[in-house]
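Peer 1: After the structure tokens below, expect a handful of questions from me.
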Amino acid sequence: MTLGGRVFLFVFLLYSLPKVLFANVADIAGICPTMKIAGSVTQTELLQELTHDCRYDKMARPPGQINSSDPIKVYTRVYIYILRSNMAKTLQFGVNMMLQFRYVDRRLEFSDIAPNLTQIYGGKVAHDLIWTPSVYVANERSSAVVGNSVKDLLISINPSGMVVLNTRMEAILNCGLRLEKFPFDVQECPLAFESWTYNVQDMELVWDEDPIVLADELHLTEYKLVEKWVNQSQVSYTTAQQHYGHFAGNFSSITITFKLAREMGFFMMDYYIPSILIVVISWVSFWLHMDAGPPRIVLGTNTILTFMTLASKVENSLPKVSYIKASEIWFLGCTIFLFSAMVEFAFVNTIYRRKKNVPLKKVNSKYILKSTLTPKLARKQFQKNTVGLERSRSWSSLDNGTVSEQDYSSQNYLTVHSFPSTINIPSVKIEEDKDQECSVGSIMTIDSTPPPKPFTRRPTLAQLHNFTTMTPQEIAQWIDRRSRIVFPVAFIIFNILYWSFIWI
């Protein structure tokens with residue numbers, strides 16, 4: 001080394017060594033260097049001076065506004081610009097939002113140091129230098145601060161130490177759906193924020209004025225936002241959770257609840273109206289001929305298969321739950337009507353092919369269905385009643401003095417006791433011989449021939465019983481005509497009950 005170089009090194013050490021020694025002594029003694037007071041100080045320099053290690057501890061929370069031991073209040077606002085509500089299958093919904101936390105950190109006051117500066121703005125670098133509240137989304141499935149290369153963080157500090165932290169966040173939230181009235185359900189899905197590090201003795205989350213702001217272009221597809229509200233609460237964690245790394249005690253929590261009503265236009269146009277039309281089409285079978293088996297079978301099976309395919313598209317988009325949903329009640333009701341139309345055809349076709357007529361006591365629904373369902377029992381009852389009536393007729397005819405021609409012809413002899421007292425005794429006449437000589441031997445004859453009766457038509461056994469008969473074809477046609485009225489009326493009643501349950 002030359003002589004000039006040695007002289008320069010000696011002079012440099014002579015001036016720099018006292019400063020180094022003084023700085024080390026100041027650090028050891030806990031004395032911070034005075035902050036620069038200059039009008040040309042930059043925001044970065046000012047923030048670095050304010051957050052110097054000797055005067056600012058990032059791990060310690062800011063002191064309370066009145067007393068240092070009071071918990072710091074963090075005022076929160078949420079600006080929501082995207083709300084994804086496709087949660088029927090996953091039981092989740094997504095939120096894109098901007099969070100704003102506002103609190104006072106008196107350690108960052110700079111009104112006396114840099115009166116010319118009105119704000120300190122910073123991003124990720126400023127966030128790493130100062131204390132920020134540790135808040136997490138309690139009911140999240142996943143969440144992340146939005147940003148590609150640099151996370152979207154913005155911090156502003158005013159001269160009084162008011163810190164405003166803004167961050168953009170995307171979160172997938174869990175929502176326990178209640179699907180009893182699906183697809184006309186109304187869900188209440190929360191968005192909960194909780195303090196992670198500090199309990200209520202150190203930090204308290206508070207909703208700011210006008211806490212929720214929704215973007216004007218916010219639009220939902222599957223749901224519509226009916227109402228929203230906020231609340232504040234405390235979440236208690238016992239000492240049993242300490243071994244998981246969480247402190248025990250009460251932690252501050254703030255919640256936004258979204259009341260979402262499902263848009264029913266899709267389900268009305270793609271499920272309910274087509275299913276109603278399918279049920280109505282199945283009634284065309286009642287206007288076809290009773291013996292038209294192929295067209296009625298094809299119509300019934302096609303309507304059932306079409307409805308099954310339609311319903312499966314809706315049910316496959318839902319989670320498997322143990323309780324019965326409103327869509328399943330509708331599915332069951334329509335299936336019963338479609339299946340009943342098929343059963344009605346099988347019933348009518350079976351009756352149409354019978355050969356024997358059916359005796360009926362009266363032509364009404366009760367006796368037609370009873371005689372149709374149990375034709376053999378009806379005939380036995382009919383025959384039993386006819387025998388009993390014939391016996392009663394024979395005795396009553398004797399009591400009334402009327403005997404049928406068949407009864408007279410079957411008798412070959414007459415006795416005195418065989419005639420009731422009311423029967424006329426045959427007349428007796430004496431024939432005199434024209435010859436006076438033979439007048440002594442007159443002959444007396446008894447005319448036992450009954451007087452002639454006017455001819456009357458004998459009533460049939462069915463008429464004696466007040467019974468009538470119907471052919472199987474007439475019964476089948478009667479059932480089809482009644483089905484044209486019964487099925488639509490029953491379906492209308494089912495719709496009244498179903499939609500009343502939905503809107504109550």
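Peer 1: Checking the conditions here, which among 501, 491 is of a type outside the set (S, T, N, Q), surrounded by 15 or more Cβ atoms within 10 Å (Cβ to Cβ) and modelled with pLDDT of 85 or more?
Peer 2: Answer to the selection: 491.
Condition check ((1) surrounded by 14 or more Cβ atoms within 10 Å (Cβ to Cβ); (2) touching a helix residue (DSSP H, G or I) at 6+ places or on another chain (Cβ under 7 Å); (3) in contact (Cβ under 8 Å) with a residue 24 or more places away in the chain) across all residues:
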residue: 260; (1), (2), (3): yes, no, yes
residue: 290; (1), (2), (3): yes, yes, yes
residue: 294; (1), (2), (3): no, no, no
residue: 319; (1), (2), (3): no, no, yes
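Peer 1: For region 197-206, which residues satisfy the criterion of being under 37 Å from the mean Cα position of the chain (by Cα) and either surrounded by fewer than 18 Cβ atoms within 10 Å (Cβ to Cβ) or at pLDDT below 90 (or both)?
Peer 2: 206
Peer 1: Filter region 195-206 down to the residues that are of a type in the set (A, V, I, L, M, F, W, C) and either in a loop (DSSP other than H, G, I, E, B) or in contact with a Ser or Thr (Cβ under 6 Å, 6 or more places away or on another chain) (or both) and list them by number.
Peer 2: Scanning region 195-206 gives 196, 200, 203, 205.
Peer 1: If you don't mind, another one. If you take the residues in region 182-207 that are touching a Phe, Trp or Tyr at 6+ places or on another chain (Cβ under 6 Å) and not charged (D, E, K, R), which one is nearest to residue 328 (Cα to Cα)?
Peer 2: That would be 183.
Peer 1: Go over the candidates 264, 269 one by one and state the one that is open to solvent by 70 Å² or more (accessible area, probe 1.4 Å) and within 30 Å of residue 223 (Cβ to Cβ).
Peer 2: 269
Peer 1: Now for a separate question. Check off (1) modelled with pLDDT under 85; (2) open to solvent by 20 Å² or more (accessible area, probe 1.4 Å) for residue 177 and give me the number that stays unchecked.
Peer 2: So residue 177 meets the others, but not (2).
Peer 1: Determine if region 240-251 includes at least one residue that is under 32 Å from the mean Cα position of the chain (by Cα), in a helix (DSSP H, G or I) and not charged (D, E, K, R).
Peer 2: no
Peer 1: Could you check, for region 245-264, whether at least one of its residues is more than 18 Å from residue 135 (Cβ to Cβ) and at pLDDT below 85?
Peer 2: yes
Peer 1: I would also like to ask the following. Hey, residue 114 hits all of (1) touching a Ser or Thr at 6+ places or on another chain (Cβ under 7 Å); (2) open to solvent by less than 40 Å² (accessible area, probe 1.4 Å); (3) not hydroxyl-bearing (Ser, Thr, Tyr) but one; which does it fall short on?
Peer 2: Of everything listed in (1) touching a Ser or Thr at 6+ places or on another chain (Cβ under 7 Å); (2) open to solvent by less than 40 Å² (accessible area, probe 1.4 Å); (3) not hydroxyl-bearing (Ser, Thr, Tyr), residue 114 misses just condition (1).
Peer 1: Tally time: how many residues in region 148-175 are without any contact (Cβ under 8 Å) to a residue 24 or more places away in the chain and touching a Lys or Arg at 6+ places or on another chain (Cβ under 7 Å)?
Peer 2: Going through region 148-175 one residue at a time, the tally reaches 1.
Peer 1: When you go through (1) over 26 Å from residue 214 (Cβ atoms); (2) modelled with pLDDT of 85 or more one by one for residue 138, which number turns out not to apply?
Peer 2: Of (1) over 26 Å from residue 214 (Cβ atoms); (2) modelled with pLDDT of 85 or more, only one is false for residue 138: (1).
Peer 1: Residues in region 126-142 that are within 20 Å of residue 56 (Cα to Cα) and in contact (Cβ under 8 Å) with a residue 12 or more places away in the chain: how many?
Peer 2: 8
Peer 1: Please go through (1) aliphatic (A, V, I, L, M); (2) modelled with pLDDT under 85; (3) open to solvent by 40 Å² or more (accessible area, probe 1.4 Å) for residue 41 and return the number of the only condition it doesn't satisfy.
Peer 2: (3)
The values are calculated or read from the model by the stated rules, or taken from the named source; none is laboratory data. These numbers were taken from a predicted model, which means no experiment stands behind them. In this analysis, Cβ positions are derived from the backbone assuming ideal geometry, glycine residues included, and neighbour counts consider all displayed protein chains. Heavy atoms of the whole protein, side chains included, go into the accessibility calculation; ligands, DNA and RNA do not. Shrake-Rupley method; radii C 1.70, N 1.55, O 1.52, S 1.80 Å.
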